[in-house]
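Engineer: Sharing a structure below in structure tokens format, with a few things to ask.
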Amino acid sequence: MIDSRFYKNNGPFSLSKIAEICGAELQDSAKVGVMINDIAGITSDKEGEICFFFDRKKKEMASQIKTTACVTTSAFVELIPQGVIVLTCDDPHSAFIKLNRAMYTEIMHAPEIHERAVVSPTAKIGKDCYIGPNAVVGDGAVVGDNCYLEPNCTIGDNCVLGNNCRIGANANVMHAILGNNVYIYGGARIGWDGFGFQTVAGQHQRIAQLGRVIIGNDVEIGANSCVDRGALDDTVIGDGCRIDNLVQVAHNDKLGRGCILVAQVGVAGSCTFGNYVVAGGQVGFADHLNIGDMAQIGAQSGVMRDVEAGSTIMGTPAIGARDFMKQTACVQKLWKK
């Protein structure tokens, strides 16, 4: 059951409404008026709850379903216990996402500028924004409409936020231009110095980082992740990218549309990613690499060379996934001998 202290439940919804939201077909038309209060796991036995069942690897668990209703595929209908109202659709996972969005709303503050917020008189704040306690908006900054700035976040001088942006608690945005619908999670650091030094006479001399961070539309950057600003050129995060928690994107990197970087990925400076590149957890990239469109890199890989578009690679140094599997199998055989 979803905790009502953190999320508002917009229900109850009738099964006819749920079928409409999910794009599903209700198998028993006599049940259109049954009311559903919550989404639950399959073993919940509270009246008025609905579950989703779509995992082919766990078909045997279907017998444990106890909710009032279940959304599944036509292939699994016969597995659902008697007494459970069944709705079917081609993609229950997508249906779950749709109903989740419709049924639950995160509890958030109404638009206001909190009395303890620090907003420069030269900043421009759009309509219907919330700026929380101890949040700071610097000189010349521009914040678009419907933005939500959580407590203790910082928007640096002259930064620009588009509409519908959310900046998490304790996050910092400096030297950056953000598009619309950008969510920077709590503790993230955007636009700080890249790691640029030159050793002169035995001393590490800092190289001024004069670029910016440019973030496109519909981007999410996870908690405690860092995106460094460029040295001369900009660091760019393309539209639709999803960056997980604890990710490092270094100076001058450029990510195309829809890239996904999972937790603890580290991208060294001046790398260029194509569109829809996926990097699993703890992947490390050497600097100045070109990663082609749709490339997929397995978790904990070390990428030291350019990657062709559409490639699937893994290992350290990263090689084609099939070759990596063959090498692993060969090493295991040798070890057993």
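The values are calculated or read from the model by the stated rules, or taken from the named source; none is laboratory data. Values in this document were obtained by computation on a predicted structure and should not be read as measured data. FYI the Cβ positions are ideal-geometry reconstructions off the backbone, even for glycines, and counts take in every protein chain you see.
Engineer: Looking at region 127-182 only, could you name the residues that are in contact (Cβ under 8 Å) with a residue 40 or more places away in the chain and more than 22 Å from Thr235 (Cα to Cα)?
Structural biologist: Tyr148
Engineer: Out of (1) free of Cβ contacts under 8 Å to residues at least 40 places away in the same chain; (2) more than 18 Å from Met103 (Cβ to Cβ), the odd one out for Cys51 is which?
Structural biologist: Here Cys51 clears every test but (2).
Engineer: Taking the conditions exactly as written (surrounded by fewer than 24 Cβ atoms within 10 Å (Cβ to Cβ), closer than 21 Å to His175 by Cα and of a type in the set (A, V, I, L, M)), does Leu255 satisfy them or not?
Structural biologist: Criteria not met by Leu255.
Engineer: I'd like the full set of residues that are out of contact with any Cys (no Cβ under 9 Å at 6 or more places or on another chain) and not in a loop (DSSP other than H, G, I, E, B), limited to region 103-125.
Structural biologist: Within region 103-125, Met103, Tyr104, Thr105, Glu106, Val118, Val119, Lys124 meet the criteria.
Engineer: For region 24-35, which positions are without any contact (Cβ under 8 Å) to a residue 40 or more places away in the chain and part of a loop (DSSP other than H, G, I, E, B)?
Structural biologist: Residues satisfying the conditions are Val32, Gly33.
Engineer: Could you please give the count of residues in region 295-316 that are surrounded by fewer than 17 Cβ atoms within 10 Å (Cβ to Cβ) and at pLDDT 95 or above?
Structural biologist: 10
Engineer: If you don't mind, there's one more thing I want to ask. If you scan region 159-171, which residues turn out to be within 21 Å of Asp253 (Cα to Cα) and buried (at least 21 other Cβ atoms within 10 Å of the Cβ)?
Structural biologist: Cys159, Leu161, Ala171
Matching residues to (1) surrounded by fewer than 19 Cβ atoms within 10 Å (Cβ to Cβ); (2) aromatic (Phe, Trp, Tyr); (3) over 30 Å from Met35 (Cβ atoms):
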site	(1), (2), (3)
Ser63	yes, no, no
Thr67	no, no, no
Val77	yes, no, no
Val86	no, no, no
Arg101	yes, no, no
Ile107	yes, no, no
Lys127	yes, no, yes
Ile131	no, no, yes
Ala141	no, no, yes
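Engineer: Next question, about the same structure. Could you run through region 267-306 and say how many residues are closer than 22 Å to Gly194 by Cα, assigned to a loop (DSSP other than H, G, I, E, B) and aliphatic (A, V, I, L, M)?
Structural biologist: Count: 5.
Engineer: Here's something else I'd like to know. For region 246-303, give me each residue that is basic (Lys, Arg) and without any contact (Cβ under 8 Å) to a residue 40 or more places away in the chain.
Structural biologist: Lys254
Engineer: Any residue in region 36-55 that is within 25 Å of the chain's Cα centre (by Cα), of a type in the set (Phe, Trp, Tyr), more than 30 Å from Tyr130 (Cα to Cα) and part of a strand (DSSP E or B)?
Structural biologist: yes
Engineer: Take Arg189 and tell me if it is touching a Cys at 6+ places or on another chain (Cβ under 7 Å) and among the charged types (D, E, K, R).
Structural biologist: When the stated conditions are applied, Arg189 passes them.
Engineer: Out of Gln198, Gln264, which single residue is in a strand (DSSP E or B) and either polar (S, T, N, Q) or surrounded by fewer than 20 Cβ atoms within 10 Å (Cβ to Cβ) (or both)?
Structural biologist: On inspection, the qualifying residue turns out to be Gln198.
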